[in-house]
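The values are calculated or read from the model by the stated rules, or taken from the named source; none is laboratory data. Because the structure is predicted, anything quoted here is derived from the model rather than measured. Positions of Cβ are backbone-derived with ideal geometry, glycine not excepted, and every protein chain shown enters the neighbour counts. Heavy atoms of the whole protein, side chains included, go into the accessibility calculation; ligands, DNA and RNA do not. Shrake-Rupley method; radii C 1.70, N 1.55, O 1.52, S 1.80 Å.
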Amino acid sequence: MYQAKLAGKNRHQVFDTQQDLGLRSHHESLARVRQAMLANELVLFYQPQVNMRSGRVIGAEALIRWQHPDQGLLQPAAFLPLIEDTPLAIEVGEWVIKTALQQLDQWHSSGLQLPVSVNVGARQLQQNNFVARLEETLARHPDIAPGDLSIEVLETSALEDLAGISSVIAQCKRLGVDFALDDFGTGYSSLTYLKRLPVSLLKMDQSLVRDMLVDPDDLAILEAVIGLARAFRRAVIAEGVETIAHGTRLLEMGCDLAQGYGITRPMPAADVPAWVAQWQPDVAWSA
């Protein structure tokens with residue numbers, strides 16, 4: 001009845017049992033994710049980002065996980081698709097920013113100065129009050145410089161509303177918050193888009209980096225991205241650096257910044273200070 005009303009007057013809608021069960025299951029899943037957020041079952045892990053040449057740890061990417069009471073630690077793919085394109089995605093996105101800033105406060109109190117990047121979806125960025133809410137959240141952490149927080153947005157998401165996203169990025173940059181274009185090289189990667197998006201960092205997609213040693217096409221794309229970054233005066237970082245050989249080849253190509261399992265896996269926030277204190281680049285990288 002309600003579906004028929006939504007479609008307009010003088011309509012009919014056939015009841016579909018399977019569709020009804022699917023909708024009920026989806027709503028129950030959304031409710032469970034919201035419950036997890038309120039019950040502090042959602043947690044952030046952090047994957048350090050490093051300069052392979054100098055050996056400096058330049059930051060960390062905040063990555064969401066679900067510490068499920070029955071199923072253990074769940075990766076984002078197990079629950080984020082459930083909330084995509086729903087208001088809950090915005091709530092979870094805001095939770096990520098608030099939690100990352102709280103963690104920055106804790107690290108600063110212990111003497112660790114480490115910038116953090118968070119992933120923000122296009123739906124959240126397109127909210128009319130995104131910049132205002134971000135400014136309010138930053139104001140609750142006066143000891144944190146806005147430059148200690150950066151926002152990563154997917155290249156494909158940014159291109160869906162280029163003018164709108166560009167405006168939001170520009171406003172955030174006035175607050176001191178930088179932006180990175182994530183998964184660069186997998187979307188359109190137009191020179192015009194790169195010119196119009198005022199991001200500071202390009203993140204080369206891990207699918208390209210992972211196969212760069214065996215796939216000449218992936219290697220060529222990476223070389224092109226590094227060249228674009230240099231031409232447009234953008235920094236560039238490689239995701240998915242899984243081996244020393246990956247890092248060595250990237251250094252030869254002029255890409256010094258990296259993250260990936262070959263450096264370290266994402267870790268709980270409590271483990272980050274000790275890791276930062278002891279990390280040294282492989283001798284092959286510092287040679």
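Annotations
- For the chain: lysine pairs under 19 Å (alpha-carbon distance), excluding those fewer than 8 apart on one chain: 4
- Among residues other than residue 117 with Cβ under 11 Å from its Cβ, the summed charge is -4 (Lys and Arg +1, Asp and Glu -1).
- For the range 156-287, the relative contact order is 18 percent, taking Cα pairs closer than 8 Å that sit 6 or more residues apart in sequence and dividing their mean separation by the residue count.
- Three-way shape label, the range 60-130, alpha-carbon gyration tensor, a/c 1.5: oblate
- Degrees between helix 130-139 axis and first principal axis of the chain (Cα, 0 to 90, nearest 10): 60
- Helix 216-231 axis, angle to the chain major axis (alpha carbon atoms, nearest 10°): 80
- Shape category assigned to the range 138-287 from the gyration tensor of Cα positions, a/c cut at 1.5: oblate
- Neighbour net charge for residue 264 - beta-carbon separation under 12 angstrom, K R +1, D E -1: -2
- Helix 244-253 and the long axis of the chain differ in direction by around 80°, with both axes built from C-alpha atoms.
- Share of carbon and sulfur in the accessible heavy-atom surface of the range 167-253 [1.4 Å probe, %]: 51
- From helices alone, the chain scores -14000 deg cm²/dmol at 222 nm; the rule is -39500 (n - 2.57) for each run of n ≥ 4 DSSP H residues, then divide by the residue total.
- Residue-normalised accessible area of the range 39-175, expressed per residue, 1.4 Å probe, Å²: 45
- Loop-located trypsin sites (Lys or Arg not before Pro) in the range 173-265 whose Cβ has at most 12 other Cβ within 10 Å (DSSP): 233
- Using C-alpha pairs under 8 Å with a sequence gap of at least 6, the mean separation divided by the residue count of the chain gives a relative contact order of 18 percent.
- Summed residue charge, Cβ within 12 Å of residue 70's Cβ, Lys/Arg positive, Asp/Glu negative: 0
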